[in-house]
1. Of the residues Val70, Val60, which single one is at pLDDT 75 or above and not in a helix (DSSP H, G or I)?
2. May I ask you to list the residues in the stretch 1-44 that are farther than 13 Å from Ser57 by Cβ, out of contact with any Gly (no Cβ under 8 Å at 6 or more places or on another chain), β-branched (Val, Ile, Thr) and assigned to a strand (DSSP E or B)?
3. Can you work out which of the residues in the stretch 1-24 that are among the polar types (S, T, N, Q) and in contact (Cβ under 8 Å) with a residue 40 or more places away in the chain is surrounded by the fewest Cβ atoms within 10 Å (Cβ to Cβ)?
4. Looking only at the stretch 25-56, which residues are of a type outside the set (Lys, Arg) and without any contact (Cβ under 8 Å) to a residue 12 or more places away in the chain?
5. Looking at the stretch 8-37, which of its residues are out of contact with any strand residue (DSSP E or B) (no Cβ under 8 Å at 6 or more places or on another chain) and either farther than 17 Å from Trp157 by Cα or not assigned by TED's automatic domain parsing to the domain that holds Pro155 (or both)?
6. With the structure loaded, tell me whether Gln134 is more than 30 Å from Ile54 (Cα to Cα), out of contact with any Lys or Arg (no Cβ under 7 Å at 6 or more places or on another chain) and at pLDDT below 90 or whether it fails that test.
Amino acid sequence: MRTLVLNAGYEPLGVVSFKRALILVLSEKATILAGSEDRQIHSARRSMALPSVILLSRYVRIPTARKIPVTRRGVLRRDGWRCAYCSKTANTIDHVQPKSKGGGESWDNLVACCLKCNNTKGDKTLGEIGWNLQFQPKMPSGPQWLVRGVDRVEPEWDMFLGLAEAA
């Protein structure tokens, strides 16, 4: 079970295991905002719902400007693990504008790609081989991208991620 961690400004900071969340709650460094009532944790003195969202008491630093870092996994996830050229299953990434021709490591220049298309394209531009992209690559947005390192968002988190997106 994963637990969403929010700072004092209700901004998502990341995800921790339920064990780490319990340690933070029991040491009074966090409070439970949402939990699974059908899944309880029992100790000798008390029982509580398994936390799905916790709020840190003192941590108030705002994460760095909501800029989502470019990663291989992030590009594949953004493109739905589909090749930007042929729509088959992608297992690698490709620079639309090759690095040797001035292309950089940015959301606008990286796309998911299958191995066959990546090898065929090689170090060429799209114009040189007459290919077109099926979509315009850009930095992803939305509540599922606010929490770093998470492929899927738990339903209990929706309300809290909506608060962060509105801010």
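1. Values: Val60 fails: at pLDDT 75 or above.
Answer to the check: Val70.
2. Within the stretch 1-44, Thr3, Val16, Ile41 meet the criteria.
3. For the stretch 1-24, the residue satisfying everything is Asn7.
4. Leu26, Ser27, Asp38, Gln40, His42, Ser43, Ala44, Ser47, listed by residue number.
5. Lys19, Ile23, Leu26, Ser27, Glu28
6. Values: more than 30 Å from Ile54 (Cα to Cα): yes; out of contact with any Lys or Arg (no Cβ under 7 Å at 6 or more places or on another chain): yes; at pLDDT below 90: yes.
Considered against the rule, which asks whether it is more than 30 Å from Ile54 (Cα to Cα), out of contact with any Lys or Arg (no Cβ under 7 Å at 6 or more places or on another chain) and at pLDDT below 90, Gln134 comes out as yes.
For every residue, the table says whether it meets (1) charged (D, E, K, R); (2) assigned by TED's automatic domain parsing to the domain that holds Leu33; (3) modelled with pLDDT of 90 or more.
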site	(1), (2), (3)
Cys83	no, no, yes
Thr92	no, no, yes
Trp107	no, no, yes
Leu110	no, no, yes
Thr120	no, no, yes
Val147	no, yes, no
Glu154	yes, yes, no
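The values are calculated or read from the model by the stated rules, or taken from the named source; none is laboratory data. This structure is a prediction, so every number in the text was calculated from the model and none was measured. Neighbour counts are summed over all protein chains in view; Cβ atoms, including those assigned to glycine, are modelled from backbone coordinates with ideal geometry.
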